[in-house]
1. Return yes when Leu373 is open to solvent by less than 60 Å² (accessible area, probe 1.4 Å) and in contact with a Ser or Thr (Cβ under 8 Å, 6 or more places away or on another chain) and no when it is not.
2. When both residues are 6+ apart or on different chains and their Cβ atoms are under 6 Å apart, which pairs have a first residue that lies in the stretch 591-618 and is farther than 18 Å from Leu554 by Cα, and a second that is among the β-branched types (Val, Ile, Thr) and part of a helix (DSSP H, G or I)?
3. Go through (1) under 23 Å from Ile677 (Cβ atoms); (2) exposed (fewer than 13 other Cβ atoms within 10 Å of the Cβ); (3) out of contact with any strand residue (DSSP E or B) (no Cβ under 6 Å at 6 or more places or on another chain) for His632 and report which single condition fails.
4. Checking the structure you have, find out if any residue of the stretch 223-241 is modelled with pLDDT of 80 or more, more than 23 Å from Leu291 (Cα to Cα), open to solvent by less than 20 Å² (accessible area, probe 1.4 Å) and basic (Lys, Arg).
5. What are the pairs, 6+ residues apart or on separate chains, where a residue within the stretch 481-505 that is farther than 14 Å from Ile459 by Cα and modelled with pLDDT under 90 has its Cβ under 9 Å from a residue that is assigned to a loop (DSSP other than H, G, I, E, B) and not small (Gly, Ala, Ser)?
6. I need a count of the residues in the stretch 339-348 that are at pLDDT below 85 and charged (D, E, K, R).
7. Of the residues Arg506, Arg549, Arg566, which is out of contact with any Asp or Glu (no Cβ under 6 Å at 6 or more places or on another chain), of a type in the set (D, E, K, R) and open to solvent by 70 Å² or more (accessible area, probe 1.4 Å)?
Amino acid sequence: MFLYYGLAPTHAQPLKKYGRRTGRTGVDRRERIHWVEHIRAAAAPTRDDPAVLPPTVPGQLPLFPVRRMLSIDVCRRILQRPLAGYREVVEHTAAFAADTGISKPMQRKLHEMLRLALAVRDADGDDIVDELVLDDIPNYGRSVRAILLRADLLRLLPESREPERPQRSRTPRTTRNVWAPRAMTPRSCKQCGSWFAAKVKATCEPCSSFTRKSGSSSASTGACDRCRRVGLPLADGHCRGCRWHVATHGPEDITRYGTQLWLGSPVPAPTSLRHSQVPPPTSRRLVSEHLIVPGQERLFELRRDWSSVVERERQDLPTPTDSAQLLLADLDSVMKQERWSKFVATKTRRTLTVLVSWLGADAPLLESDIRALVDNRPLRFSGRRVTQFLETRDLLIPDTEFRRDAYEKRLDAELAALPATIAQELSVWIKAVRGEGKWEHTGRTYQSIARYWQVLNPILKGWLANGIESLREITQNDIKRAIATRKGTPARSIHIVLRNVFRALRQEGVIFRDPTRGLVFAGINKPPPSVPSDRLADVLSHARNDFQRFVMVLVCVHALSGTDMRHLRLTDLDLSRERLIVRRPGKRHIIYLDELTYRCASAWLRERHRRWPVTTNPHLLINRWTAVDTTHSPIGITFTNIFRPTGLTMPTLRQDRIRDEAFEVDDPLHLMRLFGISSQTAMRYITAAHPERTAKLPR
């Protein structure tokens, strides 16, 4: 049912019988005002607004009666609406005017009120007007009632069905104009919310008494400190409804929000906190209104806006619940046990405090809420450790979109920028490389596919510029021209990537012929670089801590790669046997520790245990992030940046170590046992160190 809140009603009254009447203006200019209103109504953009009192299905029973706030403005917006029975009502108005002697301007005013009554009738789906509707008519309710009675269009209330009292014969204007008292209807008090019955009052009698008694003393109108409602009469900062509730349920309810729903309250609540045994208002912070209820499902996903919260200090936040305080105490014990740094611990505790103060700790929190909070002030909040802490305690709802592989999201964005046909073909290639094609095999990671994409992307742009719309149009000449744009290792990389792409498409049945088939690219025999002895001797002097020194020794002495070091396990290092096991796909390599490596490994183990004594990460090399990572992820590839101050790269130092050993021993089997490399790699280093011993014999 539609409720329309129009402008304030006019206060037009019937014209008096006495006084001078000249032209169109009466004693108090009522006719002139009515004429102006009609001019305004004619200038309105529409005179039958479907949004105002829309008619409903005839016979539709309302769930409960609704009071409407009708006004002249509502009537202006339905002046041209066809209403059933309106013509008969106009005729009865003329007969009523003849009996009572009212003027034509007054009749037009009655027509407006009658139009409102009939429009409400249609909006209720009724066939006649209910007598309760007359209480909502802004003016001339008695006259409208009499006219509707003449037209048999009014349904009387049960209490108003009384025999009409006899009227004097000399007063014909009161014929059938008996006005029954307004009905007692149920309503809710605007102040305390309790239900009571009244005719026109909006507040119950106790609230009215509370306003009168406290109005001359310390009462004021404002927002209640307990229920937060505004515009209520207050005494000592609390409204009457909250005082009555606290006086009934005890002083401990002064910190809660809910209020008991009353069906009338016969005894007025005390106007002073002293009388209600409620302690005076203190500076204690209230509990948040936004606590998440356990088991409450979300209607739709909506990202929270934390901009108004991030600048608040701790004393301005809502009071944490008991479960939230226990969770914060648990975080404090974890930080103390794992010896977090002061800066990291402060940011992490501040982040969790804001979250549980506003949302509580009884239900799992959304990871998207944590990300939204951190995005507002990244330097003030820390979300990574809070996320892992909550996840270990089953208090986190992961964000699947955020946890997608970064390289996967990057590839999806790149494919979206390509034409639909080529994007679909390359999606098949990615699916096949991932091991999800027709023939299942060990799939590559999205990071490996992203490296292929770096080589493939410039080639695709060139083909698109030439008008290629599908990879089916690519010929072997196009492959040769693409490879010819580079030389050496970059050209070989183009050949490898294109061969991988078209073989996968041929396997999946996307193309009929592989354009790279039969195309051979000659190998590149480039000798490994050599590092001067003076620069190599100065490498260890750039190490700042035990971690960097241990990594440099593993590279410069044992020629381990970055992948090998990242996946070393703590259990792989056995100081008692002086050996380190390097696990590689399909095999493992054992390193026997020399004196320098043994000292560096022992120092790093002591430092690791001192900084993170209770970490559960099984990897040998960890940092401050992976030490507390509940997913036990290995260290990132950025740890190789420790070689930048030396002016050399890690691959260069590793290759120089193998090359130096090849100069000392010309046996490829020795290189294979010492460094765990393949036979082809060992022969490559032997050839670079002793080219005279590996010259090809003439055929």
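The values are calculated or read from the model by the stated rules, or taken from the named source; none is laboratory data. Small disclaimer: the values here were computed from a predicted structure and weren't measured. FYI the Cβ positions are ideal-geometry reconstructions off the backbone, even for glycines, and counts take in every protein chain you see. Please note that ligands, DNA and RNA were not included when accessible areas were found on the heavy atoms of the full protein model with its side chains. Shrake-Rupley method; radii C 1.70, N 1.55, O 1.52, S 1.80 Å.
1. Numbers: open to solvent by less than 60 Å² (accessible area, probe 1.4 Å): yes; in contact with a Ser or Thr (Cβ under 8 Å, 6 or more places away or on another chain): yes.
Taking the combined requirement at face value, the residue satisfies it.
2. Listed pairs, sorted by first residue: Asn617/Thr626.
3. The single condition His632 does not satisfy is (1).
4. yes
5. Qualifying pairs under 9 Å: Gly488/Ile524; Gly488/Lys526; Thr489/Ile524; Thr489/Lys526.
6. Of the residues in that region, 1 qualify.
7. That would be Arg549, the only listed residue that is out of contact with any Asp or Glu (no Cβ under 6 Å at 6 or more places or on another chain), of a type in the set (D, E, K, R) and open to solvent by 70 Å² or more (accessible area, probe 1.4 Å).
Quick grid of which residues meet (1) more than 24 Å from Thr626 (Cα to Cα); (2) at pLDDT 90 or above; (3) not basic (Lys, Arg):
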position: Leu331; (1), (2), (3): no, yes, yes
position: Gln337; (1), (2), (3): no, no, yes
position: Arg350; (1), (2), (3): no, yes, no
position: Thr353; (1), (2), (3): no, yes, yes
position: Leu379; (1), (2), (3): no, no, yes
position: Thr392; (1), (2), (3): no, no, yes
position: Leu411; (1), (2), (3): yes, yes, yes
position: Ala423; (1), (2), (3): yes, yes, yes
